[in-house]
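Remarks on the structure that follows.
The values are calculated or read from the model by the stated rules, or taken from the named source; none is laboratory data. Since this is a predicted model, take the numbers as computed values, not measurements. Ideal geometry is used to build each Cβ from the backbone, glycine not excepted, and the neighbour counts take in all protein chains shown.
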């Protein structure tokens, strides 16, 4: 696509490394989303992250992952020059973080959204060979069907064959696995930890994972405490035994003790309808 075929609309959000706008397809009137960085002014890591996201998303095909629609480069003087663009399906129902902040989610809703994320991770980990690296409510987009969602924002994602200890600090501190906070390689197990933190985010709309740690510490202090401390995030009160046991299986400080997504999908918390 290029600017002769589509028109950029208003900003609807920001990803880890780029701005997301609505767009109108001139040919068919369809609405889609465009994630962009300005090639003239964006820092190199932001451009690299978008290129990484384009490469990965263009190879993925799952109902649990945001759909890739294409990419292009446009000349847009009003935006500072040349823009690199990733075209994505537009889901107008907001993010899981929005839903959790707006009202208290019932445990059946938490279970359904957790299942959607686990299904996305099962596909990424065991079919596509990808680690997402930034699982959190803000990166989960809601679908029209209740309890259904799609995983988005692959700027931090890596092929399992590519991850290394050189990939440091990927993700968001309060959702980050201890080993990643210490600068170790991202793995399937680090995504599982972040899934557990996202369940906590859904269950307690007042306190994010790690509670007071999130409000009184900067990112470096958070990462140090998460990486080198001995604790795990506190489980929200009021959860069923099954939900708490599910969290326990996700939030083991030793990554070798965490359950895989395939095991989690068989857990009583997710398998109950």
Note on residue 212: of the conditions (1) more than 19 Å from residue 171 (Cβ to Cβ); (2) in contact with a helix residue (DSSP H, G or I) (Cβ under 9 Å, 6 or more places away or on another chain), unmet is (2)
Give the residue, chosen from 247, 265, that is crowded, with 19+ Cβ neighbours inside 10 Å and in contact (Cβ under 8 Å) with a residue 24 or more places away in the chain.
247
Name the residues in region 16-32 that are touching a strand residue (DSSP E or B) at 6+ places or on another chain (Cβ under 6 Å) and within 22 Å of residue 173 (Cα to Cα), would you?
18, 19
Unique match (being surrounded by 14 or more Cβ atoms within 10 Å (Cβ to Cβ), modelled with pLDDT of 95 or more, out of contact with any helix residue (DSSP H, G or I) (no Cβ under 7 Å at 6 or more places or on another chain) and not assigned by TED's automatic domain parsing to the domain that holds residue 157) among 49, 33:
33
Which one of these is surrounded by fewer than 24 Cβ atoms within 10 Å (Cβ to Cβ), more than 24 Å from residue 86 (Cα to Cα) and at pLDDT 95 or above: 177, 189, 185?
189
Restricted to region 214-241, and to residues that are more than 14 Å from residue 201 (Cβ to Cβ) and surrounded by 16 or more Cβ atoms within 10 Å (Cβ to Cβ), which residue is modelled with the lowest pLDDT?
217
Breaking point among (1) modelled with pLDDT of 95 or more; (2) closer than 23 Å to residue 224 by Cβ, for residue 165
(1)
Could you pull out the residue among 41, 78, 62, 58 that is under 19 Å from residue 135 (Cβ atoms) and either surrounded by fewer than 17 Cβ atoms within 10 Å (Cβ to Cβ) or touching a helix residue (DSSP H, G or I) at 6+ places or on another chain (Cβ under 6 Å) (or both)?
62
Name the residues in region 33-91 that are without any contact (Cβ under 8 Å) to a residue 12 or more places away in the chain and either closer than 25 Å to residue 145 by Cβ or touching a strand residue (DSSP E or B) at 6+ places or on another chain (Cβ under 6 Å) (or both), would you?
61
Take residue 27 and decide whether it is crowded, with 19+ Cβ neighbours inside 10 Å, in contact (Cβ under 8 Å) with a residue 12 or more places away in the chain and either over 19 Å from the mean Cα position of the chain (by Cα) or under 30 Å from residue 143 (Cβ atoms) (or both).
no
